[in-house]
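Single-structure report; data block below.
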Amino acid sequence: MIKAVFLVKPLAEYLGEMPDPRCARKHKHSHVEILLLIVLGFLAGKTSLRRIVKWAKRNQKKLKKYLELENGIPSLSTFSRITSIIDEELLSVAFTDWIGSILSTKGIHIVIDGKALRAAAEKIKDKKAPYILNALDAATNLVIAQISIPEKTNEITAIPKLLEILDITGSTVTIDAIGATEAILSMIEEKGGYFVQQIKKNCPATYQEIQNVFGEIGKEKEADPEKFEKENQGRYSEYSSCEKNRERVEYREMKCYTKDDAIGKIRKELPFICSVALSCQVRIPKESDADGRDTTPDKETFLKQGSRKCPKPTEGDELTDQIQKVGLVSNHVLTAEEFARYKRDHWRIENCLHYVLDTDFLEDRSTARKSKNVLSVLRKTAYNIIRLMQIDAPKDRKLVIDVIDEITDNFSVVLKWVFDPIPSLY
């Protein structure tokens, strides 16, 4: 059976609905064309407004085939002024509507995490870097929504606002430990979604209770393995994996339990809990001798006596810690392997979005302050188009920078994703 392909209206039409923030008198340049030029410039690998303006002037003839550009390419000051006064909330809504017409937010794995715009911090005392809260689909790496986190607030107050604009029916939402509040988890439950929530030492009572649960389980299992397996069949599971990369060897172990009487105390802190899990991750730096032979110690040796590079392994929640123990809770009945997969896929937002924004789009170096949130939306618009191009034709498009290079060599390959109707992923 041939699957029907539904086309959604072009991105240019979604941006075309943005109101002009300037006064009613006639203007030399269209605010919508300026927004589109910025998206196109990001797609062509230009990482600042100054570079985008220079690029647009060099390619004005090509661009006039798709944009009127009645009075040519606007000046840098015009670009800066428009991005500083455009309604950032309406632009975020237009972005969410656009990607929402392409990808359903129902029944997917939604990863939520904040990202700092470090170079956009005000250079005065006590001013912190502004943050953006992002929501990512773990399967496609598409950003499905973003909101700015107002100054003097944090992710705890912003997460409910982000959840409010998404239909999460049947979706599983994963948030870092900061999301472990009754209000946030209750909201996910009420909206028909599932959560896999990490519990760290910022929730000391719940974290310790999870440790206690699996401590008791370990004693019961060791005392009488056959009896334990018989009584807990379908309720207890374990999963382990080992991953080797250039820098280190990572051992991951996950234990999961769903027995009601064992998690009753945890429900007092966090309602709706069906499953709890305990994750232990050990990271061992790779080592080699003078002849290049691998001398990395095994896990047991490393835990007992460390290694040459790491004589004393540290345990904690920081990324630099070699031993990390994290509790997890869910309002869905899961196995240890499923918990492990959700926890692993949660890091896609760091590896596939935040890292790309900083390395390929140089977001962390952008000093724009008044326009930082608007530019963040337009940057993610370009990012999503690149991800859609990878989904459409993955050959030779493994990395985001590969697609940017392709666009730079042949700009016409990207124009249909901006100006023409494109297929929906529904």
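If you run the Gaussian network model on the chain, springs between alpha carbon atoms under 10 Å, then out of F361, F411, F228 the most flexible one is F228.
Let's see if you can work this out: charge +1 on each Lys and Arg Cβ, -1 on each Asp and Glu Cβ, no other charges. What is the dipole magnitude of the chain about its Cα centre, in debye to the nearest 20?
It works out to roughly 2080 debye.
Per residue of the chain, the DSSP helices (runs of n ≥ 4 H) give a summed -39500 (n - 2.57) that works out to -12000 deg cm²/dmol at 222 nm.
Hey, how many Å between the Cα centroid of segment 77-149 and the Cα centroid of segment 317-375? Taking the Cα centre of segment 317-375 as reference, the centre of segment 77-149 is 15 Å away.
At full extension, N202 and D224 could sit 4.5 nm farther apart than now, given 0.36 nm per residue minus the alpha carbon distance.
Each eigenvalue of the Cα gyration tensor of the chain, multiplied by 5 and square-rooted, gives one semi-axis; in descending order these are 44, 25, 21 Å. Given in Å, the Rg to one decimal and the Dmax to the nearest whole number for the Cα atoms of segment 268-426 are 21.9, 61.
Pick from I273, I108, I165: which is most flexible by mean-square fluctuation in a GNM of the chain where alpha carbon atoms under 10 Å apart are linked? Checking each option, the largest mean-square fluctuation is seen for I165. The C-alpha atoms of the chain define a longest principal axis, and helix 155-164 lies at about 70 degrees to it.
The Cβ shell under 10 Å around G179 holds other residues with a net charge of -3, Lys and Arg each +1, Asp and Glu each -1. For segment 385-400, list residues with backbone N below 12 Å from a point placed 7 Å from the Cα of T359 toward its Cβ? Counting only backbone N, you get 399-400. Residue ranges 247-253, 31-37 sort as 31-37, 247-253 when ordered by packing (mean number of other C-beta atoms within 10 Å per residue, highest first). With a cut-off of 13 Å between beta carbons, the residues surrounding K299 carry a summed charge of 0, where Lys and Arg count +1 and Asp and Glu -1. Scoring 207-213, 78-84 by mean Cβ neighbours within 10 Å over their residues and listing the highest first yields 78-84, 207-213.
Stretched out straight at 0.36 nm per residue, the stretch from E13 to H27 would grow longer than its current Cα-Cα span by 3.0 nm. The Cα atoms of segment 6-138 give a gyration tensor whose axes a ≥ b ≥ c have a/c of 1.5 or more with a/b no greater than b/c, which makes the shape oblate.
When the chain is treated as a Gaussian network with alpha carbon springs shorter than 10 Å, the biggest mean-square fluctuation among G215, G292, G316 belongs to G292.
What's log10 of I(q)/I(0) for segment 121-214 at q = 0.13 Å⁻¹, Debye sum over Cα points only, no solvent? Relative scattering, expressed as log10 I(q)/I(0), comes to -0.54.
Taking the square roots of five times each eigenvalue of the Cα gyration tensor of segment 370-422, the equivalent ellipsoid has semi-axes of 21, 13, 11 Å, listed largest first.
Gain on full extension, evaluated as 0.36 nm per residue between D167 and I323 minus their Cα-Cα distance, stands at 52.5 nm.
Each reported figure results from applying straightforward, stated rules to the coordinates on display, with no laboratory input. Quick caveat, the model's predicted, so the values are computed rather than measured. Cβ: placed from backbone, ideal geometry, glycine included. Neighbour counts: every protein chain shown.
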